[in-house]
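Scroll down for the structure; my scribbles are underneath it.
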Amino acid sequence: MLDELEYIAPTGIARLLCQYLPDKKAEIFDVGCGTGLTCRFLSDSGYDALDGIDLSPDMVRVAEQQGIYRELIVGDVNEPIERESASYDGVISSGTFTHGHVGPDPLDDIFRILRPDGVLACTVHIDLWESQGFKQKFESLVHDGTARCLQLRKDKYYETGNIDGWFCVYQKAR
């Protein structure tokens, strides 16, 4: 159904991650993996060390059917993510930081599971950027030396829609 609506955000953010994390052997964690749209692009691009988490068991079942993930877990990213610190080269998330889903607090844990120089590529709905504290959170992560901004731009979630999201790429400090 999302394909019918020309939902381009998953592919757009996946392209950005590929640009900043070109190593096809990179281990990548998909936060809010849903049905696997974002990692489908990564898999088709040659990445095969893909893991994911989603709150919905039904979404995880659909993602499993894609046959592209090493491991999928049902979990709430508002709680600590059950992963070792510094265990991923990349984290990707599309459509998770949006209305009624997840606020900016999990970003601390996301950067915890990234390896030094690891890359986070995510979308944040434009309406939440300031009102829910995403702008302030990312600025804080940069200010305290946890991360540096590689790219930050507004773009469309849907091919025929308006500019409705921030496309963010941040790198964890060494």
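Side notes on the structure shown:
- Here the condition is being of a type outside the set (A, V, I, L, M), surrounded by 13 or more Cβ atoms within 10 Å (Cβ to Cβ) and out of contact with any strand residue (DSSP E or B) (no Cβ under 8 Å at 6 or more places or on another chain); of PRO106, PRO80, it holds for PRO80 alone.
- If you check SER94, SER85 for being of a type outside the set (D, E, K, R) and either surrounded by fewer than 20 Cβ atoms within 10 Å (Cβ to Cβ) or at pLDDT below 95 (or both), only one passes: SER85.
- Counting only residues that are in contact (Cβ under 8 Å) with a residue 40 or more places away in the chain and in a helix (DSSP H, G or I), the range 20-42 holds 5 of them.
- Residue tally, condition part of a strand (DSSP E or B) and among the aliphatic types (A, V, I, L, M), over the range 123-164: 5
- In the range 121-174, residue farthest from VAL102 (Cα to Cα) [restricted to those that are among the basic types (Lys, Arg) and surrounded by fewer than 18 Cβ atoms within 10 Å (Cβ to Cβ)]: ARG174
- The range 1-38: number of residues that are aromatic (Phe, Trp, Tyr) and at pLDDT below 95: 1
- Options GLU64, GLU84: the member that is charged (D, E, K, R), more than 30 Å from THR160 (Cβ to Cβ) and part of a helix (DSSP H, G or I): GLU64
- For LEU50, the conditions (1) at pLDDT 95 or above; (2) touching a Ser or Thr at 6+ places or on another chain (Cβ under 7 Å); (3) closer than 23 Å to TRP166 by Cβ; (4) part of a strand (DSSP E or B) are fulfilled apart from (3).
- Pairs where the first residue, in the range 43-71, is crowded, with 18+ Cβ neighbours inside 10 Å and the second is part of a helix (DSSP H, G or I) and of a type in the set (Val, Ile, Thr), C-beta under 7 Å, 6+ apart: ASP54/VAL60
- Total residues in the range 9-42, condition surrounded by fewer than 18 Cβ atoms within 10 Å (Cβ to Cβ) and either under 20 Å from ASP164 (Cα atoms) or among the polar types (S, T, N, Q) (or both): 3
- Filter result for LEU120 (in a strand (DSSP E or B), within 27 Å of GLY145 (Cα to Cα), modelled with pLDDT of 95 or more and touching a strand residue (DSSP E or B) at 6+ places or on another chain (Cβ under 6 Å)): yes
The values are calculated or read from the model by the stated rules, or taken from the named source; none is laboratory data. Since we're looking at a predicted model, the values are computed, not measured. Glycine also receives a Cβ, built like all others from the backbone with ideal geometry; neighbour counts cover every protein chain displayed.
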